[in-house]
Structure formats: structure tokens, C-alpha cells
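Asker: Below is a structure I'd like to ask you about.
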């Protein structure tokens, strides 16, 4: 009888011992005091002077200024602009509405603009002021104006706007 | 209690003494196998457990194991149509003769579910191991093998639509999990987030899941875990037998089935299987999804263009006698499935809804199709104390991704007629793999040694107008030695050492179209990958212990594992337009190294079983695709630079399994998993790793009536799965809200004429809950997972002779 009790208590001890080890294992490693930045940057085109916005029109042979307000909680990284044709309607914008697409057509000399700009210094708010020339000989029609922005941690935000080149 | 009863009633253990068969190295165990009426049984599989020796009873029911060292053994006798019988033996100083009486299994035509209790294999393996069989797959049948295994704690999946998914073991996936099939590493395109696993779940026998690093046995890539899919057991006994499995699913309107037929003639075994599945678009409990701010209405809640088809066939033929066994297998899996049409990756796509919504079963663009051909030979030979095994395999993986041509970046506005590539073939990957594994296991005293060598050669070519991964070939050679030292009946030590050599040659790739390269330079065709050769050497080790006092099982394992970087990580410089990512490889990467400690604690009594398996893992250099703050408007065509980088990483977590049989045939189960990962260095210091599954708890209530005639083998069970919120993310992931879903499973046997059909019913996501799965392929575009799905499956075994 005595032996049996002793045996049981050994088992019990072992059982709680196991859980103690597990608690120790978890306890020893859960020191996550460091906070990380998990907020992506923001592209704001709601200001009155923001350009282009959804359904804006730009003219061939003229220069327009890309104006948007970029912000991040910690530090902005870079901004990229991509203007490409959407004559085939393959893609749509990221916005709520479309702007009445022209019929599908075959591109001959579509406008293509790809450029990126590093945002120097530790800025949390940056207003773009980028001059973009639209050559006179490009195809008019439906285009996408894509804005991509990163912050220093590599988070990104994207807006794809539908614009028209006339 | 029942076991003892069975033992008393059905085992007649007759020990007779004879000094005739005395051998220098040990003693013989011989005997006969009969059924309860005394009729001798041929072809009964006999496994001498601690040795791993396998034999079969001859035509007169007799069997013989020679030269067994004095020790305790567990002899398992197995035959189709009979219950497994286990006999404890103790070889002392003389030969033993026994009689084994097999009890026919009236209802249990298939083996008993292994999920109950802790099998011996688990008690003797120091790695963290879960074993399930095809009954388990049948009970929890999902859209793919991995979905069916997802219920196991520590296992999650990266789901791609309703028919495909890839494994995540404790948050490790892609090239960090090795899938083994027929004793060989399955080689597909593991690196791709939208690539499934080319395995037919209906052809799977027993499946072993190793959670945690196991490089010493399985080589590079087994740094996160192993899924070892054993072939289905070939029919035994002089007969021609098979089964028909029919499946229907309500959510995707899936119908299909799997048929197998096999037999044994003399010493020859043969088996064939055909699986065919056809499914429509899966449905999600929402009428519209938002691709960014753009609302996409879903026709009848169907996720547009996610239909698919699967067609697989398998042929196995083998020869088996007392010492020699050789099985040749040929299998082919084919899968074609569509991708959600309204967003390809993160890229919004305009669709012709009229065309797409006309049928929910057609597969339009974009879509993927994969054909995987596998030819394997598994040969084993028993020579004295040696068990020699040789596996040879050839695999051919052919994958195509189709998508309409869109002139991303600097690509020409219209697809040139001069191109030989089809305008809808975006990517094509072709892989040929030759592998040879040789292994010898032998017993020396209390040591069971295993020495082995693995070699593999693979050749990879690419096609299509999109580029992500260069062409490459790769040779690997590995040598390992493993010692299992049974110190005492309940104390086993393990030690292993492995050396690997890998040579990788990646080949040059140049764009087929010119890009701008600077302000005042002429456009040129960019060099996306250079010719390069890398050689890697790795030495890894593992040590473990099993201690099984009474009702407890204690296992501890620690070891070093490695993974050789893949060609994409080393050499690529391609733009993944669907993710707006310019992915840059790094030719200087070293093999990933990881150290892991695994603890497994189990306690099991008549009504209780508890298992806890915590782990700690440290990577010196985890390789991951790091999104940077930069854009590249030449090579990257204006996209964000994602650069392969290394960082040290600490991970810990564990799984919990509790089972309690609280009243008669009623039992409850709690399955839990937790994982935490943190990068300790590099530019993402403090962040977690991509695809970290949230903590989860599964509560189950089961009713498994036994003893009442007609109900034997039936079950009714409900799972309540609670997934936690995942706030630990790394760019470009999004935080994912927690959720809970209810799943029901029921099954019973149905007598139909002379046949006994096994009926399995499931209600997955019973309450039609709308939720996002953090590790799903479609998570980033906020596409909810499938709604309610009723799965009905009927399995009818038959005998032709």
C-alpha cells in the first residue's frame, strides 16, 4: 500500500513537472517589449489641389503636375508613378467607380511613364510636386495612373486611378 | 480491459521448447497462423516490431523469423478482413514456436483508426510525430490532402481555391517542408505561393507528419517538417479485391470518385487506381468583394473562375517472398484549376462577367495546370540481421500558368506575332528528377543502426512570357548514419549524423523585350539571371531520447538542420507584376541553418490521453523575401524592390492534445496550437515571419457507439474551431481577425447486398461563416473562405474472387 502511494505521487510530480517545464520554456522566451511599425503609408488625393484624381483628364503636348499628399506614421520611403494605357480594358482602377471607358482599341504609340523618387530625410508627410510631360504624338484614350508609396519598413500603399489623355 | 479479453479469447500462445534451432546470433521464432476455426491462413503480414523485420505466412500458414537476439518483441499479425493481432514475446535462450489466431473483422474491413491512443511508433520516435491513415483522410476529407490533414494541431495550409493547398508545419512551408511519397522526396514547384501539392489523397495509405526539423533523415528542406505519405497497402491473400469511392460536395458542386482494384497471385502483387474529380466555382458567404475600393459583385456568391478538374491514375506491381520485396509504381496526377478572375495576385482585372458567369464549371483565364508523373521502385531485402532497402524514382513535373497578355512595365503594347510562345502562356515550369536512396538497417546488440545514402539530380527548364525563376540543374548527395539504442524496455536513445553536398547551376535568362535602362541610353533586353554555379556542404546532427515509464511518454530531441537556397533565392531578378514586386536574388546566400529542441510529453490512461509538444527553434540565417523601401524603375519597371535577405530568427510554440472519454461512448477532445516567431537581426528585426498561423483551439465532442449491432464503426462528431486574431505581421501582410467555425462529421457502415459500404458525411463551416484565413493565398485581396460545404462520401469495398 505504501509503495503504491509513493508510486502515484511520483507520477503526479512528474505530471506537474512536465507542465512546469513547458511554462518555463514559454516564459523564458516571451519578452517582446520591442514595438514594431505595422502601419502602411497613406496616399491622400482628397485635397482640392490634388492631381490627378479619379477620372481626371490630361492633354497631349502639355505638362501636368502630380500632386498628392503622402504620409506615414514613422518615415516615408519612396514613391513610384506608372502611367500605362488601358485600351484593352484588362484591368480596372482601385477606385469605387470607372469613368466611362472608350471602346477597346489596339495601341499604336501608347504613352508609358515609369519613374520612382526616393523621399529624402525622415519625413512623415510629403507632398509630391512632380512635373510630367505628355508627348504630343501619343495615343489618346483611357489610361491608368498608378501611385505606389513605401515607408522605410517596406510597407506599401497603392492607388490605381483611371484617367483620360485627350 | 477489452484488450485482455481479446487476448484471452483469441490468442492461443503455445510455447514449446526446442533446442534444435539454436543459432550463433540468436534464436528462431516460428509458428502457424490460423483463423478461429483452425483453418490455416496464408499471406498474413507479420511484423517483428523492434527489429522492423517483416515476414508473411506461407501456404500452410507457417512462418519463421531467424536469429533473433534475446530480447522482448512485439509481433503484429495483419491481414485484410482480420483484426490486427499483437503478441508479446520474450526470446531468452531457446527457440519459440507460437500459434496466432486471427479474429475476423466483421464490420472493420479497413484497419482501425490510428488516431486513438499512442501507437508504438510514436513512443519510439524522438521527433514529434503524428500518424493518420486513410480512414482519417476519409473522415476529414478536404479539397486536397493538406486540407484533410489541417485538423492536426501544428498543421495549417496555404489554400489556393477549393482544390489545392500547400502544407505549413508550425508556420514553415514552401521549400521548408519535405513531402515524401513512396520513399522519395516529392519534387514539384514548392516555392510558389499559388502552387498546390501534386498528391492524390485517395491513393495515400498511412501518413506520418513530423513536426519540426528532420534533416538528418530526409535531407535539405526538411528544416520545418516532413509529410511522409506511405503507399496504400496492397491487397493480400489469393483474391482480386478493390473499392469504389464516390464523393460529392455541395459548395463547389464537386463530384468524383476513386476506384481501385488489386490482388495477389502467388508471390506477385498488383494494384491500380483511378481518381477523377470535377468541381465548379466555390461559394463564399458574400455577394461582393472589394478589390481595393472597387466593388466586385459575385454571381450567386461564386468565386469567379475557381472551378477545376483532377485526374489521377496509379499502377503498382510487386513481387514478395519471405526475404525480398520489390514494388514498381507508376502514377500520374493532373490538375487544372482557375484563379479568381477579378484579381490576379494583387492586380485588379476587369472581367467579362457575362462570359464568366455563364457557367460555374468552366475554367477560363487565368488558370493553372500541372501534370506530375512519378515512376518509383521500392525494393527491400532481408539478409541475416540486415534490412536493405533501395528506392529509385523518376519524376516529371510540368506546370503551366495561363493568363491574358497584359503589357506590364516595358513589355510591348501588343504581343508580337513573331513570338513562338503562346500569348496566353505566362509561365511554364518543367522539372525532371532522378533519385536513388539506399539504406541498410541492422541490429548489433541493443543498437539498431541505419546507414544510408541519398542522391538526386534535377533539371529545370522554363517557358512563357513571364519570368520569375531561371533554369537550373541541381545535384545532391547525402550520407547519414542513425543509431537507435534501446537501453531498457522503456528507454531509447537516438543519435544521427548526416553530410550533404549540393551543386547548383543556374542559367542565364534575358528578357525577350527591350526595357529602358537609363535617362540617355538605348533600351536593351535586360539580363535577368546570370550563369552561376554554387556548391554547398552541410553537416547536421540530431540526438534524442524516449522514456516511457508506465502511462507516460517523454521524448526529447535536439538537432541541427539545413536547407540549401533555391535558384530563385540565389539568382533571380524578375518582376512579379501580379504582386507589384521586383524580386531580387542574392548569389551570396549560405545554406539556412537551424537548431531545434523538441519536447514531447504524453500521458495516457484508460479514459484520458494528454499530449503536449513544445519546441524552440533558432535559425542563424533564415532566408526570406524582404520588401524594401525602394522602387526600381529600370530593372523593376517601377515596382517595389523585394530582396532575398537573411536574418536570425527565434521561434517557439507547441501543440496540445487532450482526449477524455467521459461517459460510455462519448468522448471529448481539445487540440491547440501556438506559434511565435521573431526576427532577431536584419532590416525586419522585431518582425515575425511571413505566413505565421494564429493560435487556435479545436474543441470536439464525439459519439462512437460500439457493441450495439449495426452501429459498430459509426461516429458522430462535432468540431468547434476557434482561430485567434493574427496581429503579428510582416510587410506586405495584413492583420487578420479571429473567427470560429463549426464542422460536423458523421459516418456509419451500410449493408448493401453482400457489400458493406462506408458512408462518411461532413458539414464543413456548418454555420456558413464569413471569415478570412490568414495563410490563404487570397487573404491579401480580402476574399473570404468557402461557405457551408456538405461532403458526402461512399466507399464500397468488393471482392471479385
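Asker: Among the residues of the stretch B:720-743, is any away from chain A (no Cβ under 14 Å) and modelled with pLDDT under 95?
Answerer: no
Asker: Sticking with this structure for a sec: Scanning the stretch B:515-546 for residues that are within 14 Å of chain A (Cβ to nearest Cβ) and surrounded by fewer than 17 Cβ atoms within 10 Å (Cβ to Cβ), which turns out farthest from residue B:214 (Cα to Cα)?
Answerer: Only one residue tops the list, namely B:519.
Asker: Please list, ordered by residue number, the strands (runs of 3 or more DSSP E) wholly in the stretch B:263-308 having 3 or more residues that are more than 19 Å from residue B:365 (Cα to Cα) and at pLDDT 90 or above.
Answerer: On the way: elements: B:268-279, B:288-291, B:294-297.
The qualifying strands (runs of 3 or more DSSP E) are B:268-279.
Asker: Can you find even one residue in the stretch B:691-701 that is under 30 Å from residue B:735 (Cβ atoms) and within 14 Å of chain A (Cβ to nearest Cβ)?
Answerer: yes
Here is a yes/no grid of residues against (1) touching a residue at least 24 places away in the same chain (Cβ under 8 Å); (2) buried (at least 18 other Cβ atoms within 10 Å of the Cβ); (3) part of a strand (DSSP E or B):
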| position | (1), (2), (3) |
| --- | --- |
| B:745 | yes, yes, yes |
| B:758 | yes, yes, yes |
| B:761 | yes, no, yes |
| B:774 | yes, yes, no |
| B:785 | yes, yes, no |
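Asker: Mind checking which residues of the stretch B:336-346 are on the phi < 0 side of the Ramachandran plot, in contact (Cβ under 8 Å) with a residue 60 or more places away in the chain and either more than 9 Å from chain A (Cβ to nearest Cβ) or crowded, with 20+ Cβ neighbours inside 10 Å (or both)? Explain how you work it out, then say what you get.
Answerer: We begin by selecting, within the stretch B:336-346, every residue on the phi < 0 side of the Ramachandran plot; these are B:336-344, B:346.
Narrowing further to those that are in contact (Cβ under 8 Å) with a residue 60 or more places away in the chain: B:337-340, B:343-344, B:346.
Once the filter is applied, which keeps residues that are on the phi < 0 side of the Ramachandran plot, in contact (Cβ under 8 Å) with a residue 60 or more places away in the chain and either more than 9 Å from chain A (Cβ to nearest Cβ) or crowded, with 20+ Cβ neighbours inside 10 Å (or both), the stretch B:336-346 yields B:337, B:338, B:339, B:340, B:343, B:344.
Asker: Can you pull out the residues in the stretch A:114-125 that are in a strand (DSSP E or B) and within 13 Å of chain B (Cβ to nearest Cβ)?
Answerer: Of the stretch A:114-125, the ones in a strand (DSSP E or B) are A:114-118, A:125.
If the condition is that a residue be in a strand (DSSP E or B) and within 13 Å of chain B (Cβ to nearest Cβ), then A:114, A:115, A:116, A:117, A:118 are the ones that fit.
Asker: I've got another one for you. Among the numbered criteria (1) part of a loop (DSSP other than H, G, I, E, B); (2) at pLDDT below 95; (3) within 12 Å of chain B (Cβ to nearest Cβ), which one does residue A:111 miss?
Answerer: With (1) part of a loop (DSSP other than H, G, I, E, B); (2) at pLDDT below 95; (3) within 12 Å of chain B (Cβ to nearest Cβ) applied to residue A:111, the lone miss is (2).
Asker: Surrounded by 15 or more Cβ atoms within 10 Å (Cβ to Cβ), more than 14 Å from chain A (Cβ to nearest Cβ) and not in a strand (DSSP E or B): is that true of residue B:380 in this structure?
Answerer: In short, no.
Asker: How about the stretch B:284-295: which of its residues are touching a helix residue (DSSP H, G or I) at 6+ places or on another chain (Cβ under 9 Å) and in contact (Cβ under 8 Å) with a residue 40 or more places away in the chain?
Answerer: The answer is B:284, B:285, B:286, B:289, B:290, B:291, B:292.
Asker: Determine whether the stretch A:135-152 contains at least one residue that is buried (at least 18 other Cβ atoms within 10 Å of the Cβ), at the interface with another protein chain (Cβ under 8 Å from one of its Cβ atoms) and assigned to a loop (DSSP other than H, G, I, E, B).
Answerer: yes
Asker: While we're on this one: Would you say residue B:32 is outside any helix (DSSP H, G or I), modelled with pLDDT of 60 or more and crowded, with 16+ Cβ neighbours inside 10 Å? Break it down stepwise before answering.
Answerer: Details: outside any helix (DSSP H, G or I): yes; modelled with pLDDT of 60 or more: yes; crowded, with 16+ Cβ neighbours inside 10 Å: yes.
Considered against the rule, which asks whether it is outside any helix (DSSP H, G or I), modelled with pLDDT of 60 or more and crowded, with 16+ Cβ neighbours inside 10 Å, residue B:32 comes out as yes.
Residue-by-condition table, conditions (1) within 27 Å of the chain's Cα centre (by Cα); (2) over 28 Å from residue B:141 (Cβ atoms):
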residue: B:260; (1), (2): yes, no
residue: B:268; (1), (2): no, yes
residue: B:273; (1), (2): yes, no
residue: B:290; (1), (2): no, yes
residue: B:320; (1), (2): no, yes
residue: B:325; (1), (2): yes, yes
residue: B:341; (1), (2): no, no
residue: B:347; (1), (2): no, yes
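Asker: Checking residue B:558 against (1) touching a residue at least 60 places away in the same chain (Cβ under 8 Å); (2) within 14 Å of chain A (Cβ to nearest Cβ); (3) within 26 Å of the chain's Cα centre (by Cα), which single condition isn't satisfied?
Answerer: (1)
Asker: So which strands (runs of 3 or more DSSP E) stay within the stretch B:580-674 end to end and still have 1 or more residues that are within 13 Å of another protein chain (Cβ to nearest Cβ), over 25 Å from residue B:556 (Cα atoms) and in contact (Cβ under 8 Å) with a residue 60 or more places away in the chain?
Answerer: Working: elements: B:581-584, B:592-604, B:608-632, B:639-663.
In the stretch B:580-674, the matching strands (runs of 3 or more DSSP E) lie at B:581-584, B:608-632, B:639-663.
Asker: Looking at (1) over 14 Å from the mean Cα position of the chain (by Cα); (2) over 27 Å from residue B:122 (Cβ atoms), which is the one condition that is false for residue B:196?
Answerer: Of everything listed in (1) over 14 Å from the mean Cα position of the chain (by Cα); (2) over 27 Å from residue B:122 (Cβ atoms), residue B:196 misses just condition (1).
Asker: For residue B:126, work out the one condition from (1) more than 25 Å from residue B:326 (Cα to Cα); (2) assigned to a loop (DSSP other than H, G, I, E, B); (3) more than 28 Å from the chain's Cα centre (by Cα); (4) at pLDDT 80 or above it doesn't fulfil.
Answerer: So the condition that residue B:126 fails would be (3).
Asker: Something else: Within the stretch B:439-473, which residues are under 23 Å from the mean Cα position of the chain (by Cα) and under 16 Å from residue B:535 (Cα atoms)?
Answerer: B:455, B:456, B:457, B:458
Asker: For the stretch B:547-557, which positions are part of a strand (DSSP E or B) and surrounded by 19 or more Cβ atoms within 10 Å (Cβ to Cβ)? Steps first, answer last, please.
Answerer: Residues of the stretch B:547-557 part of a strand (DSSP E or B): B:547, B:552-557.
The answer is B:553, B:554, B:555, B:557.
Asker: Just to be sure, is residue B:278 surrounded by fewer than 19 Cβ atoms within 10 Å (Cβ to Cβ) and in contact (Cβ under 8 Å) with a residue 40 or more places away in the chain? Even if it seems obvious, please write down each step before you answer.
Answerer: Numbers: surrounded by fewer than 19 Cβ atoms within 10 Å (Cβ to Cβ): yes; in contact (Cβ under 8 Å) with a residue 40 or more places away in the chain: yes.
Yes.
Asker: Would you say residue B:192 is assigned to a loop (DSSP other than H, G, I, E, B), assigned by TED's automatic domain parsing to the domain that holds residue B:544 and closer than 28 Å to residue B:378 by Cα?
Answerer: Working: assigned to a loop (DSSP other than H, G, I, E, B): yes; assigned by TED's automatic domain parsing to the domain that holds residue B:544: yes; closer than 28 Å to residue B:378 by Cα: no.
It is false that residue B:192 is assigned to a loop (DSSP other than H, G, I, E, B), assigned by TED's automatic domain parsing to the domain that holds residue B:544 and closer than 28 Å to residue B:378 by Cα.
Asker: Whether any residue in the stretch A:77-99 is more than 8 Å from every other protein chain (Cβ to nearest Cβ) and at pLDDT 95 or above is what I want to check.
Answerer: Yes, some residue in the stretch A:77-99 is more than 8 Å from every other protein chain (Cβ to nearest Cβ) and at pLDDT 95 or above.
Asker: What tally of residues in the stretch B:356-377 results from selecting those that are crowded, with 20+ Cβ neighbours inside 10 Å and part of a strand (DSSP E or B)? Walk me through how you get there before you give the answer.
Answerer: The first filter runs over the stretch B:356-377 and keeps only residues crowded, with 20+ Cβ neighbours inside 10 Å, leaving B:356, B:360, B:363, B:366-368, B:370, B:372, B:374, B:376.
Right, trim to part of a strand (DSSP E or B) and you get B:367-368, B:370, B:372, B:374, B:376.
Of the residues in that region, 6 qualify.
Asker: Further question: Answer yes or no: is there a residue in the stretch B:142-163 that is at pLDDT below 90 and farther than 27 Å from residue B:360 by Cα.
Answerer: no
The values are calculated or read from the model by the stated rules, or taken from the named source; none is laboratory data. All values derive from a computational prediction rather than experimental measurement. In this analysis, Cβ positions are derived from the backbone assuming ideal geometry, glycine residues included, and neighbour counts consider all displayed protein chains.
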